[in-house]
Amino acid sequence: MSTGSGAHSAPAPNSQEDTVSDDATATTPGTAPGVAAGPAATPRKGTFSSLRIRNYRLFATGQMVSNTGTWMQRIAQDWLVLSLTGSSAAVGITTALQFLPMLLFGLYGGVIADRFAKRKLLLFTQSAMGLTGLALAVLTLSGQVQVWHVYLVAFVLGLVTVLDNPSRQAFVSEMVGQDELRNAVSLNSANFQSARLIGPAVAGVLITAFGSGWAFLLNGLSFIAPVAGLLMMRTAELHPVDRVPRSKGQLREGLRYVSGRPDLIWPIVLVGFIGTFGFNFPIWLTAFVYHVYHQGAGTYSLFNGLMAAGSLIGALLAARRAGSRLRLLVGAAILFGALEIAASLAPSFWVFAALLAPIGMVGLTVNVTANSSIQMATDPLMRGRVMSLFMMVFVGGTPLGAPVVGWITDAFGPRIGFLAGGLVSLVAAVVIGLILARMGGLRLKIDLRRGHRHVAFVPRVPGTASSAASSSASSTASSVEKDLAPAA
């Protein structure tokens, strides 16, 4: 990013931050790096290419273990709250409290992540997250747990996440460099979704056989793995990134950095709508299991496992993809909303279950495409602040959406609640897609003739892109056009 950001020093000369792939090298003021070149500029790599790097292997292994524990706790937490209260709104409140700190303090977490060594920050945050799991385990296993205890632990976990999220997101580039960044981001998502397959299944067995407390205990212990991985890293092999010295106005600087870039601000707005209204699966799935299908924790784990299977497929496909383009993001967001609407109207248990895998796959595509395209386009000195804004909008919107969605679900039924979330996601994707097309001087062309591209964005007037290059604002619009229009 370049417009409105002020002067920034370049990354260390020997860092791979200097060697950016061709689709992320636009550095002229007013242009939009990361989207100007077509996908052909980036050679296709192996699905697991970033795992060749030792530090990243240690990181990924530790995250796989702790992510499995996190998913166990998430399932156990939702089911415990529903068992204690019988209310979908209470599940929504728990989710909201966990993500409220991100909404309130998320940008400050990014400022801190840009100032300090991210490996040291992660040692602190991962240890603290493990302690929250152990605290909830003690309360539950001792039989003293009350719903306000769960609320409090969720809020504390959210506070830690404010610092953990931007630090973890930005640390990826320090481990793998810019050349492998897109692949590593996709593998992080595959890692998370693989754990989502294992964690709910184990949690379902533990909850049914022994109760929720053992799931909380194993989650707390699982954080030993990422802490050990961080301690075992070879710091000399990390790609150095200059830390930002403490100064006034750094938060405003980060916001200005994003505000002049439509290729960044509109994807962030889009994932904000989807994260706020479309990703409230703990509320909807517990409600469908409990109130529509009258099943137990095992079915809830099954539903989460089906979504995780789809998400894992989506993550692996993203790892093989050579580029991250806005048209893919918008198209996936439209399909995501349509699938949620279809699921809300599913006539039977198995039709509903069958739709969860594609919902997971497309939802993951939205997340990874937005995440990787934003990271690739961001100056390393600003990455913590930009990613904290991304996470604040994507995750921090949940405190606003979850209670509303929970109330709709309680008042009008699970189907209406799910339908409302899908409808908001669909409308937001369509509107933002049209905004981006208009800014890029494009129009939607529909051609139903056989052998022709049926739906595509094409220039409104021939030569739009060349005439747009006359000003910095038009140059950004030209890059949006290239990112939305089909490859030649």
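The values are calculated or read from the model by the stated rules, or taken from the named source; none is laboratory data. Since the model is a prediction, treat every value here as computed from it, not as a measurement. Neighbour counts are summed over all protein chains in view; Cβ atoms, including those assigned to glycine, are modelled from backbone coordinates with ideal geometry.
For the list (1) surrounded by fewer than 24 Cβ atoms within 10 Å (Cβ to Cβ); (2) at pLDDT below 90; (3) part of a helix (DSSP H, G or I), I need the number of the one condition that Gly110 fails.
Against the list (1) surrounded by fewer than 24 Cβ atoms within 10 Å (Cβ to Cβ); (2) at pLDDT below 90; (3) part of a helix (DSSP H, G or I), Gly110 comes up short only on (1).
Anything in region 45-64 that is surrounded by 21 or more Cβ atoms within 10 Å (Cβ to Cβ) and farther than 29 Å from Thr132 by Cα? List them, or say none.
Hit for region 45-64 is Ser50, nothing else.
Can you pull out the helices (runs of 4 or more DSSP H) entirely within region 233-351 that have at least 3 residues that are modelled with pLDDT of 85 or more and farther than 30 Å from Ile112 by Cβ?
Those helices (runs of 4 or more DSSP H) span 281-287, 297-320, 326-344.
Name the one entry in Leu312, Leu302, Leu270 that is crowded, with 24+ Cβ neighbours inside 10 Å and not hydroxyl-bearing (Ser, Thr, Tyr).
So the residue among Leu312, Leu302, Leu270 that is crowded, with 24+ Cβ neighbours inside 10 Å and not hydroxyl-bearing (Ser, Thr, Tyr) is Leu270.
What about Ser127, is it surrounded by fewer than 16 Cβ atoms within 10 Å (Cβ to Cβ) and either assigned to a helix (DSSP H, G or I) or aromatic (Phe, Trp, Tyr) (or both)?
yes
Considering only region 65-95, how many residues are among the aliphatic types (A, V, I, L, M) and surrounded by fewer than 24 Cβ atoms within 10 Å (Cβ to Cβ)?
Looking only at that region, the number is 6.
Would region 145-160 turn up any residue that is closer than 25 Å to Leu389 by Cβ, of a type in the set (Ser, Thr, Tyr) and part of a helix (DSSP H, G or I)?
There is no residue in region 145-160 that is closer than 25 Å to Leu389 by Cβ, of a type in the set (Ser, Thr, Tyr) and part of a helix (DSSP H, G or I).
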